[in-house]
Amino acid sequence: MGGQKRIGVLTSGGDCAGLNAVLRAVVLRASGHYGWQVVGIRNGTAGLLSRPVEATTMELDLDLFDGTLLRRGGTILGTTNRGDPFDYPLPDGSRVNRAGEVIEGYRELGLDALIGIGGDGSQAILRRLAQQGGIPLITIPKTIDNDLGHTEVSIGYASAVQVATDALDHLQPTAASHQRVMVLEVMGRDAGHIAIGAGIAGGADVILIPEIPYSLAGIAAKVEALKAGGRNFALVVVAEAVKTESGEAVKQSQAAGGVNYGGIGHYLAARIAEVTGSETRVTVLGHLQRGGMPTERDRLMAAIFGVHAVDLIAAGRFDRMVAWSGRTVIDIPIEEAIAGYKAVDLDGPLVHTARGLGVYLGELAE
């Protein structure tokens, strides 16, 4: 694919820190090195449904990336995690397939290729669109859950862990001052990577993740052991997808429709207070983990991924996801990338480290 090109880029799914840094890398490589034009598509695939489609795009040129956006959280393009174009909800409650409209919108923009930044769900939709519409597609992994199996790093994860670690740093002094058990609920849709990473870094005494069952008796025993050792406080980190002791997921209904995880922290705080007599408090970080300034790790990976994605377009290699493995950047088929789910490895170094530090990690056999 030699010569002048016009490429599109969009962000899809939940936002996170580091997305603007990816956009910067794409523009600096595509425009600064290859001399291509880069078109930003607003609001993910929803932008390609709008008409005229040009109204939901913006030219991403070198002047826009003067250094400020590198440090900004969120995404200047906007994003969406609703409205699957293959099963699009209408106001009357019916659902229709609008994939053809998305493909038509892409073609109206006169693009030579598309870079999509998203998690497994977004990438699955984008690949399906690309296969149906003949769209030359490259994807970049973005998920704070870090649960894509074929990349060691996804954009947003490091910043989310940093936010949760900072929260523990702030909670520890007040926990000690008031002799309390502090419960910190963090994100983690189905995997406990944020919880275990931040829990170890932030000195948590109890870390609960979806991959490992727990008992209130086990938590109580840990709290009592701390008291017996002269400690007057405890720090508990729990991933939002952890279930109650009886195996029920704790979720919250949204006014706009849909159900999200949330509330396990309050459940645990109440139960810990009951079984230990300790005073408890709860902090739910929620979307604080998605916003804010990206860490140096997320900025670095954003730069590496963005440059490699553009280079793949230059080489004419499509249907690939950029990834990080073995301390280097690689690329793999998108279909393979989204099929590989990565839960916390129960035999891996994080679990071994947490247990080696004496953290209560649930009822995991030795």
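The values are calculated or read from the model by the stated rules, or taken from the named source; none is laboratory data. Small disclaimer: the values here were computed from a predicted structure and weren't measured. With ideal geometry, Cβ positions are generated from the backbone for all residues, glycine too; neighbour counts draw on all protein chains shown. Just so you know, the surface numbers come from the protein's heavy atoms only, side chains and all, with ligands and any DNA or RNA stripped out. Shrake-Rupley method; radii C 1.70, N 1.55, O 1.52, S 1.80 Å.
Per-structure values
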| item | result |
| --- | --- |
| Using alpha carbons only: equivalent-ellipsoid semi-axes of segment 259-329, gyration tensor based, whole Å | 44, 13, 12 |
| Surface accessible to a 1.4 Å probe, per residue, for the residues of segment 2-48, Å² | 26 Å² |
| Relative contact order of segment 185-309, pairs being alpha-carbon contacts under 8 Å that are 6 or more residues apart, as % | 25 percent |
| Per residue accessible area in Å² of segment 53-169, where ligands, DNA and RNA are left out and the probe is 1.4 Å | 41 Å² |
| Debye intensity ratio I(q)/I(0), log10, segment 178-253, q values 0.15, 0.19, 0.26, 0.28 Å⁻¹ (C-alpha model) | -0.52, -0.80, -1.25, -1.34 |
| Among beta bridges that DSSP assigns inside the chain, antiparallel share in %, nearest 5 | 30 percent |
| Magnitude of the charge dipole, the chain, Cβ model with Lys/Arg +1 and Asp/Glu -1, debye to 20 | 440 debye |
| Coordinate range along principal axes, alpha carbons of segment 76-164, Å, largest first | 40, 35, 26 |
| Burial order of peptide ranges 12-21, 35-44 (average beta-carbon count within 10 Å, highest first) | 12-21, 35-44 |
| Sites Ala217 and Arg297 - FRET efficiency at Förster radius 56 Å, r taken between beta-carbons, to 0.05 | 0.90 |
| Within the accessible area of segment 154-249 (1.4 Å probe), percent carbon and sulfur | 50 percent |
| Residue among Ile103, Ile196, Ile264 with the largest mean-square fluctuation in a Gaussian network model of the chain, springs linking Cα atoms under 10 Å | Ile103 |
| For the chain, alpha-carbon Rg relative to the globular expectation (2.2 N^0.38 Å, N residues) | 1.07 |
| Segment 1-103 - share of DSSP beta bridges that are antiparallel (%, nearest 5) | 50 percent |
| Listed residue (Val307, Val322, Pro294) projecting farthest to the positive dipole end of segment 290-331, Cβ model | Pro294 |
| Segment 189-344 - accessible surface per residue (Å², probe 1.4 Å) | 43 Å² |
| Scaled radius of gyration (Cα, divided by 2.2 N^0.38 Å) that segment 1-107 gives | 1.17 |
| Segment 247-366 pair-distance distribution - Cα-Cα, 10 Å bins, rounded % | 9, 20, 31, 26, 11, 2, 0 |
| Assigned charges on the beta-carbon of Lys, Arg, Asp, Glu; segment 281-356 dipole about Cα centre (debye) | 400 debye |
| Listed residue (His33, Thr174, Ala239) projecting farthest to the positive dipole end of the chain, Cβ model | His33 |
| Directionally averaged projected area (convex hull, Cα atoms, segment 199-307), nm² | 9.8 nm² |
| Alpha-carbon Rg/Rh ratio, for segment 118-263, with Rh computed the Kirkwood way | 1.08 |
| Two-decimal Rg/Rh across segment 140-196, once Rg and the Kirkwood Rh are taken from alpha-carbon atoms | 1.10 |
| Heavy-atom accessible surface of segment 16-130: percent carbon and sulfur, 1.4 Å | 45 percent |
